[in-house]
Amino acid sequence: MNRRASSDLSGATQEYLLALRSAAVEETRVTAATVARHMGVSTQAASEMYRRLAAEGLVCQAEGRELTLTQPGRAAADGIFRRHALLEWLLTSVVGLGWAESDEEAARLQGAISPRVEARLDELLGHPETCPHGNPIDVAIAARRPAGVSLASLEAGDVATVYRITETAEEDPALLSYLEARALTPGARIEILARSASLDAVTLEGPIGRATLGLRPASLVRVLRGEADPSLFHRVPGRLRIG
């Protein structure tokens, strides 16, 4: 299935393919129940949708009810995520919306743009390889980028660079807003001031001062130890940016 075909899928189909793609990045084994938790729907509703997607050749359900995207399903999901990411870049860097707002608006628009507009956006935005939160646009890009480590795994005194905000974290608007407000965005240098398992928190020094995260939210942020290669972090061409 090509990108044109993926853009013609129903909104619900796109949502479920994207949810399975997202869950598969963070989980070793994904079932309808896993995706249902991600989406906030019943397991029955998710199971019924994935049975339909399996009949269409987009999803494979293995023994033990494990779900995987087929090759056409993965291509379709990557196409959906790519359009979503391009729209997020446009809405954050050009229109000026915040991370949480742009994610919501991109979800509304991702099924409406044509392949021609998608290609033009990609060109105008400088061909980003990731979404604004640092997540790779497709499986080929993901394979050649470093994995990073969990922010929650760092200890006091460690210095690192924020690398990506995982797709699971993207599902929490409050967390996205907090990270953005504290400038804890991809490319930001941080130093761990304290980490306490008993207090369930990590405190760090970021670009605009101190920030504290619970260990669970911190586990959803990936970092690179030390200084990172600037080429890993996309910047929208200056002529398009507001301000």
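If the segment from Arg52 to Glu26 were pulled out straight at 0.36 nm per residue, it would be longer than the present Cα-Cα gap by 7.0 nm. The mean sequence distance of close C-alpha pairs (under 8 Å, at least 6 residues apart), as a share of the length of region 82-143, puts its relative contact order at 42 percent. Take the Cα of Thr212, go 7 Å toward its beta carbon, and the backbone nitrogen atoms of region 139-173 under 20 Å from that spot belong to 151-158. Each 5 Å bin, from zero up to the one with the longest distance, holds this percent of the alpha carbon pairs of region 3-74: 3, 17, 32, 29, 13, 4, 0.
In terms of overall dimensions, the C-alpha atoms belonging to region 38-149 reach 45, 33, 30 Å along their principal axes, ordered largest to smallest. Estimated from helices alone, the mean residue ellipticity of the chain at 222 nm is -12500 deg cm²/dmol (sum of -39500 (n - 2.57) over DSSP H runs with n ≥ 4, per residue).
Suppose a student asked you for the relative contact order of the chain, using Cα pairs under 8 Å spaced at least 6 residues apart; what percent would you report? Contact order relative to length: 19 percent. Among the listed values (i) 0.97; (ii) 0.95; (iii) 0.93, the one matching Rg/Rh (Cα atoms, Kirkwood Rh) as calculated from this structure is (i).
Each of Arg216, Arg74 was scored by other Cβ atoms within 10 Å of its Cβ. Arranged with the fewest first, they read Arg216, Arg74.
For the chain, find the longest principal axis of its Cα atoms and tell me its angle to the long axis of helix 43-55, 0 to 90°, nearest 10. That works out to roughly 60 degrees.
Scan the chain and hand back the longest stretch that contains none of the GluC sites (Glu not before Pro) lying in DSSP loops with at most 10 other Cβ atoms within 10 Å.
Result, exposed sites excluded: 1-154.
Against the chain, whose longest principal axis comes from its Cα atoms, helix 71-89 is set at around 50 degrees. Here the extension length gained between Ser150 and Ser198 equals 15.5 nm, from 0.36 nm per residue of separation less the Cα-Cα distance.
Over region 149-228, Cα pairs under 8 Å with separation of 6+ residues give a relative contact order of 46 percent. Each of Arg65, Arg195 was scored by other Cβ atoms within 10 Å of its Cβ. Arranged with the fewest first, they read Arg65, Arg195. Among Ser150, Ser102, the ranking by other beta carbons within 10 Å of each residue's beta carbon, starting with the fewest, stands as Ser150, Ser102. Between the helical axis of 11-26 and the longest alpha-carbon principal axis of the chain there is an angle of about 50 degrees.
None of the figures in this text is laboratory data; all of them are computed from the coordinates on show. Since the structure is predicted, the reported quantities are computational estimates derived from the model, not experimental observations. Heads up, the Cβs are rebuilt from the backbone with ideal geometry, glycines too, and the neighbour counts pull from every protein chain shown.
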